[in-house]
Each structure stands twice: as structure tokens, then as C-alpha cells.
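Trainee: Here it is: the structure, laid out below.
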Amino acid sequence: MKIIILGGYGVFGGRLCQLLAADSRLSIYVAGRSYKKAQQFCSTLNSGATFSPLEFDREKNVAKQLLQIQPDLVIDASGPFQTYGSDPYRLVKACLENGINYMDFADGSEFVEGIGQFDEQAKTKKIFILSGVSSFPVLTAAVVRHLSTGWKKVQSIKAGIAPSPYAVVGINVIKAISAYAGQPVSLIRNGKLTSGYALTETMRYTIGPPGMLPLNNIRFALVDVPDLKVLPTLWPELQSIWMGAGPVPEILLRMLNGMAWLVKLKILPSLSIFAPIFYHVISTVRWGEHRGGMFVEIEGSRDDGPSATKSWHLLAEGNDGPYIPCMALEAIIMRTLNGKAPAVGARPASGDLELSDYEPLFAKRTIYTGQRELIPQGAALSVFRSALGTAWNDLPDAIQSMHDAPDGTTLSGMARIRRGDNLLAKFIATIFRFPEQADEVPVEVSIQKSYGVERWKRNFNGTVFQSEITNGKDQYEHLVCERFGPFTFGIALVLENEKLNYVVRRWSFLKIPLPRLLRPRGESFEYSSDGKFHFNVEIKFPLIELIVSYQGWLTSPQVY
């Protein structure tokens with residue numbers, strides 16, 4: 001297959017080339033205005049596919065340039081599609097004229113919605129013209145279909161993307177965001193078509209597939225993406241839809257939110273003039289975890305009547321997240337090579353892939369997904385079962401029995417205890433009533449449960465300390481909160497190799513957030529061995545090091 005990728009040496013086009021590089025059935029022309037840049041990029045791609053540089057200028061005679069190559073497929077990965085001028089579809093028209101299949105990365109809602117005007121012409125030419133072939137709206141639509149299987153109707157859709165702060169963002173993306181910041185955006189709210197204002201509306205959300213280390217609670221801002229126009233055509237019963245982006249560091253987003261308000265209030269006509277400055281800042285001011293993610297949450301009703309809320313979560317580690325927007329194009333190209341080309345016609349690509357098409361592509365990288373369902377109030381679930389969701393079923397039986405034990409359960413066993421030896425460590429251990437150092441002491445753990453609160457009382461040979469455990473809310477969402485007196489610790493439950501790891505993500509004193517850099521650390525986990533529940537708890541603080549650690553086992557649950 002012969003493919004021209006316009007913008008092929010750019011951020012998204014370059015990533016697409018990397019995804020396609022291993023397939024020897026492909027002959028790819030890396031196209032752009034600079035032949036030298038295209039040539040340099042091609043020299044970095046050692047692979048099975050054939051790559052050739054191509055000088056291509058969309059402002060010149062596009063049809064003539066296409067005839068010189070006669071490709072099977074043209075992919076527009078350039079943009080920004082919001083600023084394509086008075087004839088934004090000139091490339092599409094040239095592909096129609098020459099009978100060439102076409103796809104693009106378009107993120108402009110009006111551009112993607114307008115592609116349908118070429119449907120009859122594309123069918124006459126027997127080619128496909130697909131627009132918006134990216135995470136928004138292809139992946140979001142696929143996820144909504146997956147989550148709503150067996151539902152009678154979908155009433156609300158919310159989704160958001162949170163890129164890693166270290167992800168490379170192209171200047172065209174920044175230009176697009178700057179162009180629509182503070183401008184009215186059409187969306188559905190309370191069952192009516194209305195307008196929001198891009199980047200002035202915000203919400204908070206925690207992305208966390210069950211059993212994985214979640215992202216920190218993130219601030220998302222409303223963005224103008226194709227989903228706002230495309231998804232209501234797929235789910236006409238929708239009462240509300242909202243799409244957001246959550247770039248970090250958060251302070252940069254807050255500054256952008258404030259400037260977007262200046263546009264909304266007509267103090268500034270547009271933020272487009274600031275795009276180069278935004279690009280420089282976001283490319284240099286970076287801190288935080290090198291991880292990104294995405295969520296899709298839907299509300300609606302099942303076929304049997306009850307309302308429900310379900311969500312899908314994606315986590316991408318390191319540099320793998322930025323490849324996700326390119327995977328829709330990769331999947332469709334692979335399907336085409338395998339004899340499953342898209343149906344002819346011109347349309348947004350929101351119905352051309354299912355979530356199952358993405359899953360093998362995710363599996364090649366450090367990308368993890370999972371789904372959650374809101375548990376109705378009053379449901380008799382333990383705190384841990386509720387927090388782990390679908391990952392609960394992957395726990396060893398001994399750990400399940402421990403955390404699913406009924407109210408009034410006491411478990412007994414043995415433990416080994418180690419204490420820190422500096423004065424500050426000893427002082428903290430004394431304040432929290434942690435046990436003294438010992439090689440082997442009997443231990444009892446009593447658990448009381450009521451209304452979503454679990455009170456754990458630990459008795460190490462007469463030394464007793466206790467804590468209160470609940471499910472986290474708001475900025476502690478998807479965490480288990482353990483409270484020792486005035487201190488509360490937000491703990492992520494991470495399941496890995498049949499071990500349930502405890503990772504402290506947030507902490508507070510009298511509900512006042514404390515610095516994350518100073519939060520307690522240590523290797524704490526639970527596991528099963530010889531049918532017994534085993535625990536390993538290690539509490540360390542930066543600079544102070546070890547406060548206390550205790551390891552041991554529990555068995556013989558008794559209910560009193």
C-alpha cells in the first residue's frame with residue numbers, strides 16, 4: 001500500500017510513521033513543505049516499511065502533486081484544522097478528484113462534522129473519506145459502545161485526556177487550542193443544545209484503572225473536539241455531553257483558564273497571538289509524573305430499568321501515551337491491509353473501530369485499561385472490594401477473605417517488628433503507638449464495620465493501635481483513606497504479581513493537605529502463602545527514614 005502522510009515529520013505524523021514502520025507491505029511518503037526535514041526524518045526510520053521524503057505544499061496545486069505519486073491513501077496529519085481558511089477541504093476534494101482514499105487527524109468539531117457533505121461523491125468514486133481519526137472521537141465512541149452494552153439508553157457522556165507533562169506537543173496543537181480558547185462551543189446540556197466556553201469550564205477527575213496506581217486528581221477544562229457534535233448523532237437520547245483536557249502542571253492550565261475568560265468577556269479577541277509563547281512555556285516548564293491517561297464516563301439506564309454510571313480508565317506510562325491518538329489510523333490501515341477496508345463514503349470515523357481493535361495495540365506498550373461502576377448507596381461491600389472494583393476478582397483467596405470478613409471479625413497470627421533508631425523516628429513511633437521492636441510476637445487484628453467505615457484494631461502482644469479506613473472521595477477518589485487521629489493517608493491499592501501493594505498518594509492533617517514530597521513511603525504489601533494471609537508494612541519518611549516495619553501472617557478468623 002502506498003501512503004502519503006502530510007505532516008509526516010511532525011509530532012503526530014512522525015509518531016504514526018513509527019507505529020507503521022515494522023510493516024514491509026507499506027510504502028510511505030513522508031510529506032511536508034521542507035524536503036530536507038522529511039529526508040532527515042526518513043533517515044531515522046530503520047524498518048520493514050519503505051519511507052521516502054516528499055515535498056508537498058497544500059497551498060499549491062494539490063491534485064497535481066497527488067498525481068505524481070498516485071497513492072492508495074492520503075493522511076492529513078498537519079493542521080491546525082480550525083484555521084484551514086476559506087477552502088478547508090481542498091485536500092479532500094483533490095483526493096475525490098483522483099479517486100484516492102483519505103483520512104485525517106482533525107480535531108476541529110466543525111471540520112469533522114462537515115466531512116459528510118462529500119459522502120455521495122466518495123461512494124460514486126468507491127473510496128472512503130474519514131475525518132477525526134483520533135482518540136476524540138474514535139476511541140471515545142468505541143468506549144461508550146463498550147460500556148453501554150445491554151443498556152436501554154445513554155443519557156450523559158463525560159470524557160477527558162490528561163497528557164504527561166513530558167509529552168511533546170506540536171505547535172499546531174497549541175495554535176488550535178489558542179484559536180478556540182474562550183470561544184463558544186456547542187454542546188448538549190440538560191437535554192438542550194446550548195453553548196459553553198472553551199477552557200473556561202472545569203471539572204476534577206481521577207483516572208485510575210482498578211488495581212493500578214492512579215493518576216493524581218486532575219483539573220480538566222472544556223475543549224472543542226468533534227465528539228461534541230458527533231456523539232449526539234450516535235446517541236440521540238443524550239441529555240448532556242462534556243469533553244475536557246487536563247494538562248499538567250495545573251498552574252499552567254489555571255493561567256490558560258484565566259486568559260480564556262478574557263476572551264469570553266471580550267477583553268481579548270483571541271489567544272492566537274500568544275500561541276508561540278504558550279508553546280515555549282509548555283515545552284520548558286515541566287514537572288510531575290511521566291504518566292498520562294484518559295477517561296470516559298457514561299450515565300444511563302439498563303434494559304431492565306435501573307440507572308447506572310460506568311467509567312473506563314486508561315493509563316499510559318512514560319512516552320507511550322502520545323502514540324494513542326495515532327492508533328486509530330494504525331488500526332484502520334492494518335485492517336485495510338488485511339482485507340477489511342472501511343466502507344466507502346465520507347463521514348466522521350467514530351463508527352469505524354471498536355474497543356477490541358485498540359486492545360492489541362495497547363498490549364504492545366505500557367498502556368493499561370480498566371472499568372469501574374458506581375456502587376449504589378447502601379450496597380454491602382467492604383472498603384477494599386469497593387476500591388478495587390473489577391481487580392478484586394484477581395486477588396488471592398486469602399486476601400479476599402481478610403478484607404471481605406464480616407463485622408466483628410478477629411484474626412490472629414505472629415509478627416516481627418523493627419523500629420527506627422533515631423530520636424525523631426522513635427518520637428513519631430511513640431505518638432502513633434506503634435509496637436516495640438521484637439523478633440516474634442503474637443498479633444491480633446479486630447475489624448468492625450458500619451456504614452462504609454472499617455475500624456481496625458491491632459494488638460501486638462498488648463501494644464494496641466488502631467485506625468479508621470474508608471473509601472476516598474473528591475481528590476482522594478479511587479484511594480483508600482486510613483485515618484490515624486488527625487492524620488489521613490490516601491492509599492492506592494496496586495495489584496501486581498498477586499501482591500496487593502499499598503502506595504501513599506496524598507496525606508493531610510486535620511483535613512489540611514500536606515506536601516506530597518514529604519508523604520510517608522515504604523514497601524507495604526499483602527500476599528498469600530501456604531493459604532495464610534501475609535502482611536509486610538514499612539513506614540518511612542523522607543530524611544527520617546524508617547519509623548517502623550512489621551511483617552507476619554494472620555489466620556483463623558473468628559467472629560464475636
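Trainee: Just one of Val185, Val154 is within 27 Å of Glu359 (Cβ to Cβ) and assigned to a strand (DSSP E or B); which is it?
Mentor: The unique qualifying residue is Val154.
Trainee: Out of (1) under 30 Å from Gly370 (Cβ atoms); (2) without any contact (Cβ under 8 Å) to a residue 24 or more places away in the chain, what's the single condition that is false for Leu238?
Mentor: (2)
Trainee: Something else about it: Scan region 274-289 residue by residue and report those that are surrounded by 16 or more Cβ atoms within 10 Å (Cβ to Cβ) and either among the hydroxyl-bearing types (Ser, Thr, Tyr) or assigned to a loop (DSSP other than H, G, I, E, B) (or both).
Mentor: Tyr279
Trainee: Taking region 298-338 on its own, how many of its residues are touching a residue at least 40 places away in the same chain (Cβ under 8 Å) and within 30 Å of Ile75 (Cα to Cα)?
Mentor: Residues that pass the stated criteria total 24.
Trainee: Which ones in region 469-497 are on the phi > 0 side of the Ramachandran plot, surrounded by fewer than 18 Cβ atoms within 10 Å (Cβ to Cβ) and within 24 Å of the chain's Cα centre (by Cα)?
Mentor: The answer is Asp474, Asn497.
Trainee: Next question. Within region 220-227, does at least one residue satisfy the condition of being at pLDDT 95 or above, surrounded by fewer than 22 Cβ atoms within 10 Å (Cβ to Cβ) and either within 30 Å of Tyr476 (Cβ to Cβ) or over 23 Å from the mean Cα position of the chain (by Cα) (or both)?
Mentor: No: zero hits.
Trainee: It is to be established whether one or more residues within region 259-268 are touching a Phe, Trp or Tyr at 6+ places or on another chain (Cβ under 8 Å), farther than 29 Å from Arg372 by Cα, in the same structural domain as Tyr180 (by TED's automatic domain parsing) and modelled with pLDDT under 95.
Mentor: Looking for residues that are touching a Phe, Trp or Tyr at 6+ places or on another chain (Cβ under 8 Å), farther than 29 Å from Arg372 by Cα, in the same structural domain as Tyr180 (by TED's automatic domain parsing) and modelled with pLDDT under 95, one finds none in region 259-268, hence no.
Trainee: Sticking with this structure for a sec: Give the number of residues within region 97-124 that are over 25 Å from Pro163 (Cβ atoms) and crowded, with 20+ Cβ neighbours inside 10 Å.
Mentor: The number of residues fulfilling the criteria is 6.
Trainee: Checking Phe541 against (1) under 27 Å from Leu381 (Cα atoms); (2) touching a Pro at 6+ places or on another chain (Cβ under 8 Å), only one condition comes out false. Which one?
Mentor: Looking at each condition in turn, Phe541 falls short on (1).
Trainee: Only one of (1) touching a Gly at 6+ places or on another chain (Cβ under 8 Å); (2) surrounded by fewer than 21 Cβ atoms within 10 Å (Cβ to Cβ); (3) aliphatic (A, V, I, L, M); (4) not in a loop (DSSP other than H, G, I, E, B) fails for Ala22. Which number is that?
Mentor: The failed condition is (4).
Trainee: Same structure, new question: Would you mind finding the one in Ser311, Ser307 that is closer than 30 Å to Gly389 by Cα, touching a Phe, Trp or Tyr at 6+ places or on another chain (Cβ under 7 Å) and not assigned by TED's automatic domain parsing to the domain that holds Arg505?
Mentor: Result: Ser311 is the single residue among Ser311, Ser307 that is closer than 30 Å to Gly389 by Cα, touching a Phe, Trp or Tyr at 6+ places or on another chain (Cβ under 7 Å) and not assigned by TED's automatic domain parsing to the domain that holds Arg505.
Trainee: Being basic (Lys, Arg), at pLDDT 95 or above and out of contact with any strand residue (DSSP E or B) (no Cβ under 7 Å at 6 or more places or on another chain) is true for just one of Arg335, Arg291, Arg286. Which residue is that?
Mentor: Arg335
Trainee: Moving to a separate point now. Cβ-Cβ under 7 Å, sequence separation 6+ or interchain: first residue in region 536-552 and assigned by TED's automatic domain parsing to the domain that holds Ile399 and surrounded by 20 or more Cβ atoms within 10 Å (Cβ to Cβ), partner acidic (Asp, Glu) and part of a strand (DSSP E or B). Which pairs?
Mentor: These pairs meet every condition: Ser549/Glu538.
Trainee: Does Ile207 fit the bill of being in a strand (DSSP E or B) and among the β-branched types (Val, Ile, Thr)?
Mentor: Criteria not met by Ile207.
Trainee: Mind checking which residues of region 402-433 are under 24 Å from Glu545 (Cβ atoms), out of contact with any Ser or Thr (no Cβ under 8 Å at 6 or more places or on another chain) and crowded, with 19+ Cβ neighbours inside 10 Å?
Mentor: If the condition is that a residue be under 24 Å from Glu545 (Cβ atoms), out of contact with any Ser or Thr (no Cβ under 8 Å at 6 or more places or on another chain) and crowded, with 19+ Cβ neighbours inside 10 Å, then Ala415, Gly420, Ala425, Ala429 are the ones that fit.
Trainee: Buried (at least 23 other Cβ atoms within 10 Å of the Cβ) and either within 19 Å of Ala106 (Cβ to Cβ) or not assigned by TED's automatic domain parsing to the domain that holds Leu388 (or both): which single residue out of Ser195, Ser164 fits that description?
Mentor: The match here is Ser164.
Trainee: Please specify each residue of region 494-516 satisfying the condition of being hydrophobic (A, V, I, L, M, F, W, C) and in contact with an Asp or Glu (Cβ under 8 Å, 6 or more places away or on another chain).
Mentor: Leu495, Leu500
Trainee: With the condition kept exactly as written, say whether any residue in region 421-438 is of a type outside the set (D, E, K, R), within 38 Å of the chain's Cα centre (by Cα) and assigned to a loop (DSSP other than H, G, I, E, B).
Mentor: Within region 421-438, one or more residues are of a type outside the set (D, E, K, R), within 38 Å of the chain's Cα centre (by Cα) and assigned to a loop (DSSP other than H, G, I, E, B).
Trainee: List pairs: first in region 182-210 and closer than 15 Å to Ser240 by Cα, second β-branched (Val, Ile, Thr), Cβ under 6 Å, 6+ apart or cross-chain?
Mentor: Listed pairs, sorted by first residue: Leu187/Ile241; Ile188/Ile241; Gly196/Val185.
The values are calculated or read from the model by the stated rules, or taken from the named source; none is laboratory data. All figures in this text were calculated on a predicted structure; none of them were measured in a lab. With ideal geometry, Cβ positions are generated from the backbone for all residues, glycine too; neighbour counts draw on all protein chains shown.
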